[in-house]
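What follows draws every value from the coordinates through simple rules; no lab data is involved. These figures come from a predicted structure and were not determined experimentally. We place every Cβ from the backbone using ideal geometry, glycine too, and count neighbours over all the protein chains shown.
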Amino acid sequence: MNAREDVLNRIRGANAAAGHPNPVPVPRDYHRAGLLAAGSPELMELLVDRLVDYKATVIESAPAGVPAAIARGLSDAGVTGRVIVPPGLPDGWCPHGVPDEPGFGAHDLDGFAAVVTASAATCAQTGTIALDGSPDQGRRAITLVPDVHVCVVAAEQVVETVPELIARLDPTRPTTFISGPSATSDIELERVEGVHGPRTLIVVLATEVKANGTPVA
């Protein structure tokens, strides 16, 4: 049998299996929950470790201090141009932000220096932040074109494992998973940031307790 026939036979077999009236159940014996409660100090410490390892900037803030933390993140990143925000971003988080409009195309979005959004859920184990297109996060394009992304993550949104993260998301919504700033490597293993999205990711962790367990000022 040549390679072509082998491939075709595998396809025929897969098609036949797909039409079977009694499909084989998918095994679910993997860990579906972690040992740490959502938003616990140990979980936040793990998340910070992962984010820093991915070269993201982390700013911990009490919930009431989120606007100041966002302003600090933008300033530290050297953002001097316009900042775009989703239409449902909480009032006061970014007072000078420009609300996104349906008419903004890729060229228009490229004229913004940064974007500020909230988030849907976060997995500490993998350092992955999920956006689902809700009004406080906006459409996917606004988080891919600007060079800087400031993303606010609330402590209660942080879970330990990927299954817990997926369980918090609505599968019918457009989901974007973010694990650090956009980065890729060429054949020479040269790391290049900003190819597929923002080259700078700033995560504002809104929590009453720092990752090391001490209260946030």
In percent, how large is the relative contact order of the chain, given Cα pairs closer than 8 Å and 6 or more residues apart? 28 percent
When the chain is treated as a GNM, springs tying every alpha-carbon pair under 10 Å, which of 91, 170, 29 comes out with the largest mean-square fluctuation? 29
Rounded to the nearest 20 debye, what is the charge dipole size of region 1-134 about its Cα centre when +1 sits on each Lys and Arg Cβ and -1 on each Asp and Glu Cβ? 480 debye
If you restrict to DSSP beta bridges whose two residues both lie in region 59-217, what percentage is antiparallel, to the nearest 5? 35 percent
Take each of the peptides 42-51, 64-73, 196-205, average the number of other beta-carbon atoms within 10 Å over its residues, and list them starting from the highest. 196-205, 42-51, 64-73
Can you list the DSSP H helices in the chain whose Cα atoms extend at least 20 Å along the helix axis and whose mean Kyte-Doolittle hydropathy is -0.5 or higher? 3-18
Ellipticity estimate at 222 nm from DSSP helix runs (n ≥ 4, -39,500 (n - 2.57)) divided over the chain, nearest 500: -7000 deg cm²/dmol
Low-density loop positions, chymotrypsin sites (Phe, Trp or Tyr not before Pro), region 1-95 - DSSP coil, at most 15 other Cβ in 10 Å: 30
Could you please report the charge total around residue 176, scoring K, R as +1 and D, E as -1 over all other residues with beta-carbon less than 9 angstrom from its beta-carbon? 0
